[in-house]
Amino acid sequence: MPDISEVSYANIEKAASCLQGTANKTPVLTSRTVNQLTGNQVFFKCENFQRTGSFKFRGAYTALSQLPAEQQQRGVLAYSSGNHAQAIALSGKLLGIPTTIVMPQDAPAVKQAATRDYGAEVILYDRHETTREALSQQIASARQLTIIPPFDHPHVVAGQGTATKELLETVSDLDLLLVCCGGGGLLSGSAIAAHTLSPNCRVIGVEPALGDDAVRSFHSKTLQTVHNPATIADGARTPSLGKITFPLVMRYVHDIVSVPDEALLRTMFFLWERLKIVVEPTGALAATALLEGIVKAKDSRIGVIISGGNVDLQQISELQRLSKG
């Protein structure tokens, strides 16, 4: 079992200092319509306005900036369906670190293009023929590159926790915080920040029903896995929580729930229409749990992390079709 003391609120504060002046301080939006529909005061932390379009920039830049000079010079490798890829690529560009990204062939074209535009070398793979972890290890060993995983890394978790640190410094005293969950990096960091800054706040993770490994892990207290879940939430197609994030989730998170893809898409388009913001399917996970009544609350102050907004606009018609069943 890894030492989860490697990630504490002090590490999140250090990450916040590292990100100062580089990461965006993303807005917190409210909606009278959402408040009336849910009977709560709801505060959306909009990480779709973060650099590269998602919260992932926070963890990527934090991790790369703390690498020893020798590792920075050799370069880094990351594996990702898109958002971590873009975050590593841009962070490497800003810090002068060469980056190589392993991405699935079916990753959204907009995410592949943006990753290349930030200067990374992109290597595509077939999900059905190999795993990204195995291919990445092979390439990293051959090229002597340092692997920066998308969530299971103490500096990545600390960086992701800065989003909730900012939210709670803006609105304070939340009763409930809803956070999307793939590999648990954002959820872990958010729960640690909430534990320190708003001790009475319940933290609930939200993942897609087609990839419910975290729900099963949380309730069984044993790490569960899922293989290539066919969810529209491509940022949450992770096989499991990590060796670092799983114990952090078990210690700091109060519950994890799942939402069906159809509900996820309804919420995504609702946020587009009512809040006038572009949110990707994964980014709408936490909001879906609230708006669809999967997490029930009344007369509460609720924080909702909107994790990203990287949507392939050429696929909107298909997404609309899926949302209508």
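The values are calculated or read from the model by the stated rules, or taken from the named source; none is laboratory data. This is a predicted model, so every value here is computed, not measured. All Cβ positions, even for glycine, are placed from backbone atoms using ideal geometry, and neighbour counts span all protein chains on display. Please note that ligands, DNA and RNA were not included when accessible areas were found on the heavy atoms of the full protein model with its side chains. Shrake-Rupley method; radii C 1.70, N 1.55, O 1.52, S 1.80 Å.
Is one or more of the residues making up segment 192-204 under 19 Å from residue 167 (Cα atoms), surrounded by fewer than 24 Cβ atoms within 10 Å (Cβ to Cβ) and hydroxyl-bearing (Ser, Thr, Tyr)? Yes, segment 192-204 contains at least one residue that is under 19 Å from residue 167 (Cα atoms), surrounded by fewer than 24 Cβ atoms within 10 Å (Cβ to Cβ) and hydroxyl-bearing (Ser, Thr, Tyr). As for segment 23-30, it holds no residue that is under 27 Å from residue 239 (Cα atoms), assigned to a loop (DSSP other than H, G, I, E, B), modelled with pLDDT of 95 or more and of a type in the set (A, V, I, L, M).
Give me the pairs, please: first residue somewhere in segment 57-73 and assigned to a helix (DSSP H, G or I), second residue anywhere and open to solvent by less than 40 Å² (accessible area, probe 1.4 Å) and among the aromatic types (Phe, Trp, Tyr), beta-carbon distance under 8 Å, and either six or more positions apart or on two chains. Hits for this filter: 59/151. State all residues of segment 84-98 that are in contact with a Pro (Cβ under 8 Å, 6 or more places away or on another chain) and either open to solvent by 10 Å² or more (accessible area, probe 1.4 Å) or among the basic types (Lys, Arg) (or both); if no residue qualifies, say none. Result: no residue meets the conditions.
The test for being closer than 27 Å to residue 127 by Cβ, touching a Ser or Thr at 6+ places or on another chain (Cβ under 7 Å) and part of a helix (DSSP H, G or I) holds for residue 86. Modelled with pLDDT under 95, among the polar types (S, T, N, Q) and part of a helix (DSSP H, G or I) - does that describe any residue in segment 307-314? Yes. Being part of a helix (DSSP H, G or I) and under 17 Å from the mean Cα position of the chain (by Cα) is true of residue 48. Of the residues making up segment 169-191, those that are assigned to a helix (DSSP H, G or I) and in contact with a Cys (Cβ under 8 Å, 6 or more places away or on another chain) are 186, 187. Is it the case that residue 25 is surrounded by fewer than 22 Cβ atoms within 10 Å (Cβ to Cβ), more than 26 Å from residue 294 (Cβ to Cβ) and in contact (Cβ under 8 Å) with a residue 60 or more places away in the chain? Yes, satisfied. Among residues of segment 116-131 that are surrounded by 15 or more Cβ atoms within 10 Å (Cβ to Cβ), those with a beta-carbon under 6 Å from a residue that is among the polar types (S, T, N, Q) and modelled with pLDDT under 95 at least six positions away or on a different chain give the pairs 122/115; 127/228. Give me the pairs, please: first residue somewhere in segment 94-113 and touching a residue at least 12 places away in the same chain (Cβ under 8 Å) and under 15 Å from residue 232 (Cα atoms), second residue anywhere and assigned to a strand (DSSP E or B) and of a type in the set (Ser, Thr, Tyr), beta-carbon distance under 7 Å, and either six or more positions apart or on two chains. Hits for this filter: 104/125. I'd like to check something: does segment 281-298 contain any residue that is free of Cβ contacts under 8 Å to residues at least 40 places away in the same chain, of a type in the set (Asp, Glu) and under 18 Å from residue 208 (Cα atoms)? Scanning segment 281-298 turns up at least one residue that is free of Cβ contacts under 8 Å to residues at least 40 places away in the same chain, of a type in the set (Asp, Glu) and under 18 Å from residue 208 (Cα atoms). Candidates 265, 178: the one that is closer than 20 Å to residue 26 by Cβ, of a type outside the set (Asp, Glu) and open to solvent by less than 10 Å² (accessible area, probe 1.4 Å) is 178. Look at segment 28-40: where a residue is without any contact (Cβ under 8 Å) to a residue 12 or more places away in the chain and a partner is surrounded by 13 or more Cβ atoms within 10 Å (Cβ to Cβ) and not in a loop (DSSP other than H, G, I, E, B), sitting 6+ places away or on another chain with Cβ atoms under 7 Å, you get 35/41; 35/42.
Matching residues to (1) in a loop (DSSP other than H, G, I, E, B); (2) open to solvent by 40 Å² or more (accessible area, probe 1.4 Å):
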position: 217; (1), (2): no, no
position: 224; (1), (2): yes, yes
position: 230; (1), (2): yes, yes
position: 235; (1), (2): no, no
position: 239; (1), (2): yes, yes
position: 247; (1), (2): no, no
position: 251; (1), (2): no, yes
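Here's a check for you: in segment 134-143, which residue that is open to solvent by 70 Å² or more (accessible area, probe 1.4 Å) and in contact with a strand residue (DSSP E or B) (Cβ under 9 Å, 6 or more places away or on another chain) is nearest to residue 71 (Cα to Cα)?
143
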